[in-house]
Structure formats: structure tokens, C-alpha cells
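Colleague: Here it is, the structure, as C-alpha cells.
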Amino acid sequence: MDFNLNEIQTVEFGVGRDDGDEHAFHCVMVDPNVQTALGEMATFTHDLMLQESDESTLYSASEKYASSERIHIPLDDDLAIRLRNLHKAENLDVDQKALDHMDDVFCYFARFTDQNSRRLTALRRASHFKGILQSRLIQWVNDSMRLIDDNIFKLDKDFDLLIDSQTVHILHPSGFEFAGKLQGAILEAVEGNVQALQQDLPIVNFDRILAYASKRPRAARYIASIKSQQEIARVDMQHLLVACRSTSVEVLEENGQIIVSEGHEMGLLEVLDRRRYEVRLVPDEPEQFRAASRKQIQK
């Protein structure tokens, strides 16, 4: 990671609020004790990432992840645009009233600098960071129990993600997807992704796929995943036809292109994303399966 967690020099704290269709980020002044706690949270998050896996894997929009996994995505990726804007923003507004309406707060964040002026942004979905307004809390004061009248806010033990100069390091994938508004971003990217796929894979007619995926988040995720595959341009027509037919995906070959039949759009996307496959273990009884998750076996 391009940051020294042992040499934190400055700490900013803030919250993200839903402002209609947009996310607005505001800084809130906090005392040194809170700043220290935020630094400890960032260090703990990094330690948990290292415990999850020796190596981080690249985020895939079509993958189903566990609650905690060590994954990453380049900061310049289109899917990271909202987080990139937060990380690179200069002179964020300081708004001490940003916590007055906790129902609007969707995340909280901290931005750190180290001794080399490098920045690290840490973000957490505001699942527990809420004002405890209705609960009755008590504390022991002067040999008696007393009600706490002030608003109380609870920090989590770790962050969902850490952002350095080049990479979004992710510990909790659902938090990353929520904070980055990925479902909306992926749907918005369908047309551009399909255009890119059409250039890389001219043997497939994507017209029906475009219409199908424009309104279906799962299909849109598969398209984003397929587009990111470096080997997509090397897909062979005959091999693709065999893969479709062996996994019950109905396609036609017409004018040098593969055209998927209506109702089989998702099947074709699953084949291209390596999620449909056939196994032959019993003689004369081929079996077809759909993979909910997939990881390539290293040779």
C-alpha cells in the first residue's frame, strides 16, 4: 500500500450524505482522541486484509463475494469514480451540522496524510455509525448510575476500504458497492461496455444483449466483467458455438455473426463470463452447470 500507517501526520474526518441523486461529502471537526481512534481503525483494517489472503484479487462486477474478502480495483477504473472524487477532493467543506440529520448519512470517512504527504482515504458504510437518540444509555458517575442525555455515535472496528494513490483496497465488498453506487454506475455503463465488446468481439451480434442488459443489473454486471477480460478478443467462433450448444444456449450463425435467441441472452453472457460449463463423468450423460462464483485455477 502506498502509505505509511506508522507515520500518520494529519487526520480529517467526515460523512457522506445523500443529497437527492448525488452524494455530498462534508468534513466534521473532531478532537485528537477521535483522530487517534480513526488511525487505529485504518491500521486494524489493513491487518485484517493481510489476514484474509496473502494476495489481493482484482474486483469483478459479476462475482459474488463473501462479507469480507481481500480484493482491489484500480483508482482510475470507471467503477471507482465516486470514491476517486472523494480521495482527490481538495478543501472539502467543513459542516459541523452534517450530523444533525443522521438518516441522510450513508457513510463516514477519514483522510490521512503521512510524513511524505501521501494521502490515504478510509471509508465505512454507516451501518452502526448512527446517533443513539431513542435508546436509554446509562453510565457510572460518582457511585451512581445516570442517564446519558447527549447524542452518542458509534464507530466501527474497521473500515470497508482503504484508498491510496493508485488503488482502492477493499475488505468489505458490499460496503464498496454501496458507497460507490455501483449498481447504478454499472447500468449506466452498459451501452459503452457493449460498444467496446462489439469492437473486441465482432463475431457476436450484441444488439439483443444491449436491450436486455440495459434494465437488468445482473446482466449489466456480467457485461462489465466480460469487457474487463484481456482474452475476450481471442474468442473463437466455433469454440463459442460449441460451448453454447453444449450448455443449452440457443444461438444462430448469420452473416458471420452469432445471434442469441430471445430468452437466452443471460445464457450467452454466462458462457462468455465462464459461468456455464459441461461435465462428463458418467458415460453418455453430460451434465450442465451454472457457476455462482468462479476463480481460475493457476497452472
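Colleague: Does the range 95-126 hold any residues that are modelled with pLDDT under 80 and open to solvent by 70 Å² or more (accessible area, probe 1.4 Å), and which are they?
Modeller: GLN96, LYS97, ASP100, HIS101, ASP103
Colleague: Applying the selection to the range 156-197, what residues are in contact with a strand residue (DSSP E or B) (Cβ under 8 Å, 6 or more places away or on another chain) and open to solvent by 10 Å² or more (accessible area, probe 1.4 Å)?
Modeller: Start the filter on the range 156-197 by keeping residues that are in contact with a strand residue (DSSP E or B) (Cβ under 8 Å, 6 or more places away or on another chain), which leaves 156, 158-176, 178-179, 181, 197.
ASP156, ASP158, SER165, GLN166, THR167, HIS169, HIS172, SER174, PHE178, LYS181 - these are the residues of the range 156-197 that are in contact with a strand residue (DSSP E or B) (Cβ under 8 Å, 6 or more places away or on another chain) and open to solvent by 10 Å² or more (accessible area, probe 1.4 Å).
Colleague: OK, next. Output the residues belonging to the range 1-18 that are more than 20 Å from the chain's Cα centre (by Cα), surrounded by 11 or more Cβ atoms within 10 Å (Cβ to Cβ) and farther than 21 Å from HIS72 by Cβ.
Modeller: GLU7, ILE8, GLN9, THR10, VAL11, GLU12, PHE13, GLY14
Colleague: Filter the range 241-285 for residues that are surrounded by 12 or more Cβ atoms within 10 Å (Cβ to Cβ) and of a type in the set (Ser, Thr, Tyr); which is nearest to ASN205 (Cα to Cα)?
Modeller: Filtering first and then ranking leaves SER261.
Colleague: Tell me which of these GLN238 doesn't satisfy, since it passes every other one: (1) more than 29 Å from the chain's Cα centre (by Cα); (2) open to solvent by less than 70 Å² (accessible area, probe 1.4 Å).
Modeller: (2)
Colleague: Still on this structure, please answer the following. Give the residues of the range 163-184 that are over 11 Å from the mean Cα position of the chain (by Cα) and under 23 Å from LYS215 (Cα atoms), sorted by residue number. Break it down stepwise before answering.
Modeller: Taking the range 163-184 as the starting set, the residues that turn out to be over 11 Å from the mean Cα position of the chain (by Cα) are 163-167, 184.
The one that is over 11 Å from the mean Cα position of the chain (by Cα) and under 23 Å from LYS215 (Cα atoms): GLY184.
Colleague: Okay, moving on. Return the residues of the range 241-299 that are of a type in the set (Val, Ile, Thr), assigned to a loop (DSSP other than H, G, I, E, B) and at pLDDT 85 or above; say none if nothing qualifies. Don't jump to the end; show me each part of the working.
Modeller: We begin by selecting, within the range 241-299, every residue of a type in the set (Val, Ile, Thr); these are 242, 247, 249, 251, 258-260, 271, 279, 282, 297.
From what is left, the residues that are assigned to a loop (DSSP other than H, G, I, E, B) are 247, 249, 282, 297.
Answer for the range 241-299, where residues must be of a type in the set (Val, Ile, Thr), assigned to a loop (DSSP other than H, G, I, E, B) and at pLDDT 85 or above: THR247, VAL249, VAL282.
Colleague: Assess whether PHE44 counts as being outside any helix (DSSP H, G or I) and of a type outside the set (Asp, Glu).
Modeller: Numbers: outside any helix (DSSP H, G or I): no; of a type outside the set (Asp, Glu): yes.
Spelling it out, it is not the case that PHE44 is outside any helix (DSSP H, G or I) and of a type outside the set (Asp, Glu).
Colleague: While we're here: For the range 47-54, check the following and say yes or no: at least one residue is at pLDDT 90 or above, farther than 30 Å from ALA224 by Cβ, hydrophobic (A, V, I, L, M, F, W, C) and open to solvent by 60 Å² or more (accessible area, probe 1.4 Å). Step through it out loud before you land on a result.
Modeller: Let us first name the residues in the range 47-54 that are at pLDDT 90 or above, namely 47-51.
Still in the list and also farther than 30 Å from ALA224 by Cβ: 47.
Still in the list and also hydrophobic (A, V, I, L, M, F, W, C): none.
Checking the range 47-54: not a single residue is at pLDDT 90 or above, farther than 30 Å from ALA224 by Cβ, hydrophobic (A, V, I, L, M, F, W, C) and open to solvent by 60 Å² or more (accessible area, probe 1.4 Å).
Colleague: Take ASN33 and tell me if it is among the polar types (S, T, N, Q), assigned to a helix (DSSP H, G or I) and either surrounded by fewer than 18 Cβ atoms within 10 Å (Cβ to Cβ) or touching a residue at least 40 places away in the same chain (Cβ under 8 Å) (or both).
Modeller: On the way: among the polar types (S, T, N, Q): yes; assigned to a helix (DSSP H, G or I): yes; either surrounded by fewer than 18 Cβ atoms within 10 Å (Cβ to Cβ) or touching a residue at least 40 places away in the same chain (Cβ under 8 Å) (or both): yes.
Considered against the rule, which asks whether it is among the polar types (S, T, N, Q), assigned to a helix (DSSP H, G or I) and either surrounded by fewer than 18 Cβ atoms within 10 Å (Cβ to Cβ) or touching a residue at least 40 places away in the same chain (Cβ under 8 Å) (or both), ASN33 comes out as yes.
Colleague: Residues in the range 267-299 that are in contact with a helix residue (DSSP H, G or I) (Cβ under 6 Å, 6 or more places away or on another chain) and touching a residue at least 40 places away in the same chain (Cβ under 8 Å): how many?
Modeller: Count: 3.
Colleague: Continuing with this model, one more query. When you go through ALA224, ALA211, ALA233 one by one, which is the residue that is surrounded by 15 or more Cβ atoms within 10 Å (Cβ to Cβ) and either assigned to a helix (DSSP H, G or I) or out of contact with any Pro (no Cβ under 9 Å at 6 or more places or on another chain) (or both)? Please lay out each step first, then the result.
Modeller: On the way: ALA211 fails: surrounded by 15 or more Cβ atoms within 10 Å (Cβ to Cβ); ALA233 fails: surrounded by 15 or more Cβ atoms within 10 Å (Cβ to Cβ).
Exactly one of ALA224, ALA211, ALA233 is surrounded by 15 or more Cβ atoms within 10 Å (Cβ to Cβ) and either assigned to a helix (DSSP H, G or I) or out of contact with any Pro (no Cβ under 9 Å at 6 or more places or on another chain) (or both), namely ALA224.
The values are calculated or read from the model by the stated rules, or taken from the named source; none is laboratory data. None of these values were measured; they are calculated from a predicted model. FYI the Cβ positions are ideal-geometry reconstructions off the backbone, even for glycines, and counts take in every protein chain you see. When the accessible area is computed, the model is the full protein with side chains, heavy atoms only, and any ligands, DNA or RNA have been set aside. Shrake-Rupley method; radii C 1.70, N 1.55, O 1.52, S 1.80 Å.
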